[in-house]
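The values are calculated or read from the model by the stated rules, or taken from the named source; none is laboratory data. Quick caveat, the model's predicted, so the values are computed rather than measured. No Cβ is skipped: glycine too gets one built from the backbone with ideal geometry, and neighbour counts run over all protein chains shown.
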Ligand code: SF4
């Protein structure tokens with residue numbers, strides 16, 4: 001709550017300053033100047049009042065240009081036409097995320113009638129005996145009556161679990177992002193919502209269900225899977241003779257695997273197939289079920305990695321870096337392959353040494369030949385997420401970086417910075433004439449070309 005108080009105080013000072021100094025500014029001009037003063041004050045940790053002096057321009061255009069130069073110094077040097085995003089604010093005590101104590105424990109479990117006797121429903125009821133449980137006929141119908149959408153509702157989502165029968169949305173080609181080079185990944189949409197709290201998670205903006213959704217009918221999907229090449233979802237699939245498919249798009253693949261047991265039928269079904277490489281993507285160390293089974297080279301466990309400092313402040317409740325890398329070592333011993341996702345990569349003072357340190361840690365325990373792929377992607381998100389991050393995590397420092405509207409209208413680091421980040425990581429990964437299967441996630445073709453990176457699949 002201290003962060004929230006500090007930032008509301010900063011905002012109120014920026015608002016008073018603009019109101020008193022520029023009483024003739026209309027709503028939009030006022031919003032932009034307040035936003036710039038607030039962001040510079042937060043980034044530089046100086047009171048807003050110190051940012052305006054008797055020498056500061058007094059016209060709106062002059063003042064905005066002056067503040068933009070201070071807010072985006074390195075971007076404006078490279079691209080004077082930068083596109084900033086300067087929205088209003090949604091700071092409110094209801095939107096501020098209060099961290100839960102202890103591990104995940106839902107208060108309510110809703111079970112669709114058709115799966116009330118499923119193993120998954122029983123597992124949840126046994127694991128959380130103090131939770132209230134109720135039967136519903138259908139999630140869609142339930143949500144039309146009780147669905148709530150908003151930041152405050154999102155904050156409470158882990159209090160509610162829905163166990164459902166999923167009929168429609170199991171399987172989709174990853175939509176990637178406009179004008180980027182797609183990697184042809186196919187998403188197996190198993191469960192929706194996450195027990196972790198990553199400051200940058202796009203689900204904060206995307207979710208309109210006040211709870212976590214777990215399908216109880218994985219077998220149903222698997223029974224339909226043999227004809228996957230005919231499914232519309234695989235249109236546009238590119239590269240190689242094997243479909244890359246994985247969970248972890250709308251949730252974390254293994255976050256509750258000890259309870260859901262999802263990995264068991266999936267490994268058994270996909271193991272040994274020569275037409276599919278299946279990936280579990282995770283920030284957890286929940287690999288107990290995987291270790292009980294025999295792995296195979298077409299089953300990949302992929303960890304998203306960041307320096308521990310970034311995990312501590314941006315990937316709340318997830319496993320530590322060491323636990324993730326140690327889990328990678330253990331699944332390798334069990335016969336699986338591993339993947340690593342440096343995504344999102346954060347830019348801050350000392351980022352390069354920190355990320356090189358992560359790469360050194362990997363190579364201390366992982367044989368590079370067992371790495372199925374490595375993806376790289378810098379921090380990016382839809383503009384709408386900016387206010388949500390700020391509201392839920394007012395003390396965050398990820399928004400202090402220079403992020404402007406990019407080629408796909410998402411907020412991103414500017415081109416020159418992204419290039420530097422990728423170059424540094426690729427050089428650190430491909431050391432000693434090693435060439436790893438590296439790809440960029442959601443990047444435009446010109447970035448691949450500048451980096452001389454070829455598509456690895
Ligand atoms: S682990 Fe993934 S799905 Fe979960 S909060 Fe973090 S980014 Fe979102």
(request) Would you confirm whether any residue within the stretch 307-319 is at pLDDT 95 or above, under 18 Å from residue 373 (Cα atoms) and within 16 Å of the ligand (Cβ to nearest atom)? (result) no
(request) Could you list, in sequence order, all residues of the stretch 431-449 that are out of contact with any helix residue (DSSP H, G or I) (no Cβ under 6 Å at 6 or more places or on another chain), farther than 12 Å from residue 376 by Cα and surrounded by fewer than 16 Cβ atoms within 10 Å (Cβ to Cβ)? (result) 431, 432, 433, 435, 445, 446, 449
(message) Any residue at all in the stretch 293-308 that's in contact (Cβ under 8 Å) with a residue 40 or more places away in the chain, in a loop (DSSP other than H, G, I, E, B) and buried (at least 23 other Cβ atoms within 10 Å of the Cβ)?
(response) yes
(message) Condition first: in contact with a helix residue (DSSP H, G or I) (Cβ under 9 Å, 6 or more places away or on another chain), assigned to a loop (DSSP other than H, G, I, E, B) and surrounded by 16 or more Cβ atoms within 10 Å (Cβ to Cβ). Now tell me which residues in the stretch 310-323 satisfy that.
(response) 318, 319
(request) With respect to residue 163, determine if the residue is in contact (Cβ under 8 Å) with a residue 24 or more places away in the chain, under 25 Å from residue 379 (Cβ atoms) and surrounded by 15 or more Cβ atoms within 10 Å (Cβ to Cβ). (result) no
(message) Regarding the stretch 226-241, can at least one residue be identified that is buried (at least 16 other Cβ atoms within 10 Å of the Cβ) and at pLDDT 80 or above?
(response) no
(request) Would you be able to tell me the number of residues in the stretch 324-343 that are assigned to a helix (DSSP H, G or I) and within 14 Å of the ligand (Cβ to nearest atom)? (result) 1
(message) Given (1) closer than 29 Å to residue 133 by Cβ; (2) over 18 Å from the mean Cα position of the chain (by Cα); (3) modelled with pLDDT of 95 or more, identify the lone condition not met by residue 284.
(response) (2)
(message) Take the conditions in the same structural domain as residue 22 (by TED's automatic domain parsing), surrounded by fewer than 19 Cβ atoms within 10 Å (Cβ to Cβ) and in contact (Cβ under 8 Å) with a residue 12 or more places away in the chain and apply them to residue 70. Does it pass?
(response) yes
(request) Can you tell me which residue among 11, 82 is closer than 30 Å to residue 100 by Cβ, surrounded by 13 or more Cβ atoms within 10 Å (Cβ to Cβ) and in contact (Cβ under 8 Å) with a residue 60 or more places away in the chain? (result) 11
